[in-house]
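Worksheet: the structure to be examined is printed underneath.
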Amino acid sequence: MPQSLSNVLVHIVFSTKDRSPFLQDKEIRKLMHAELGATSKSLNCPSIAVGGVADHIHLLARQSRTICLSDWVKELKRVTSIWIKGQSPQLEAFTWQAGYGAFSVCQSQLDRVIKYIEDQEVRHLEKDFKTEFRQLLELHEMEYDERYVWD
């Protein structure tokens with residue numbers, strides 16, 4: 001087969017450094033989500049859903065055949081960090097956490113994950129990012145060392 005085809009759906013999650021609420025302002029958050037989606041698209045990884053709250057984001061997208069996951073996330077963070085620091089002097093100290101979580105998504109679960117991302121504000125009325133992230137790791141049966149998950 002001469003053609004290479006791929007449908008790899010990835011749910012990426014990462015927070016601001018130390019979970020600082022840099023994205024508290026809903027307009028800035030909305031613009032950040034748009035910037036993440038546009039950056040992902042420019043890497044040939046079209047976004048399906050982008051959401052989050054004041055201290056973290058969720059991005060669901062189709063991974064390109066031509067970029068590895070770590071380079072994709074690195075570029076998402078690099079571009080959006082530069083962008084947000086130019087939005088106001090109060091955001092000049094903005095930094096993403098060093099790490100991230102990436103979770104595979106089955107096509108049959110796509111609508112469920114989209115809804116999960118869309119419901120972030122409601123979800124975080126009851127639980128914080130650390131609790132949510134631990135639950136995602138456990139749901140996906142990922143081993144982790146608590147000492148190295150947070151920064």
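The values are calculated or read from the model by the stated rules, or taken from the named source; none is laboratory data. What you see is a predicted model, and the numbers here were worked out from it, not measured in a lab. Backbone-built Cβ (ideal geometry, glycine too); neighbour counts: all protein chains shown.
Go through the range 43-71 residue by residue and tally those that are under 28 Å from residue 4 (Cβ atoms), in contact (Cβ under 8 Å) with a residue 12 or more places away in the chain and more than 11 Å from the chain's Cα centre (by Cα).
Selection size over the range 43-71: 12.
Which of (1) within 18 Å of the chain's Cα centre (by Cα); (2) of a type outside the set (A, V, I, L, M); (3) outside any loop (DSSP other than H, G, I, E, B) is the odd one out, the single condition residue 150 does not satisfy?
The single condition residue 150 does not satisfy is (3).
Would you call residue 111 under 14 Å from residue 12 (Cα atoms), surrounded by fewer than 17 Cβ atoms within 10 Å (Cβ to Cβ) and among the charged types (D, E, K, R)?
It is false that residue 111 is under 14 Å from residue 12 (Cα atoms), surrounded by fewer than 17 Cβ atoms within 10 Å (Cβ to Cβ) and among the charged types (D, E, K, R).
Which residues, counting only those in the range 121-147, are under 18 Å from the mean Cα position of the chain (by Cα) and surrounded by fewer than 10 Cβ atoms within 10 Å (Cβ to Cβ)?
Once the filter is applied, which keeps residues that are under 18 Å from the mean Cα position of the chain (by Cα) and surrounded by fewer than 10 Cβ atoms within 10 Å (Cβ to Cβ), the range 121-147 yields 122, 139.
Run down 28, 57, 48 and say which single residue is β-branched (Val, Ile, Thr), farther than 15 Å from residue 119 by Cα and modelled with pLDDT of 95 or more.
Matching residue, one of 28, 57, 48: 28.
Residue 70 passes all but one of (1) within 25 Å of residue 149 (Cα to Cα); (2) buried (at least 21 other Cβ atoms within 10 Å of the Cβ); which number fails?
Of the numbered conditions (1) within 25 Å of residue 149 (Cα to Cα); (2) buried (at least 21 other Cβ atoms within 10 Å of the Cβ), the odd one out for residue 70 is (2).
Take residue 103 and decide whether it is aromatic (Phe, Trp, Tyr) and assigned to a loop (DSSP other than H, G, I, E, B).
No: the conditions fail for residue 103.
Looking at this structure, is residue 3 surrounded by 20 or more Cβ atoms within 10 Å (Cβ to Cβ) and over 12 Å from the mean Cα position of the chain (by Cα)?
Spelling it out, it is not the case that residue 3 is surrounded by 20 or more Cβ atoms within 10 Å (Cβ to Cβ) and over 12 Å from the mean Cα position of the chain (by Cα).
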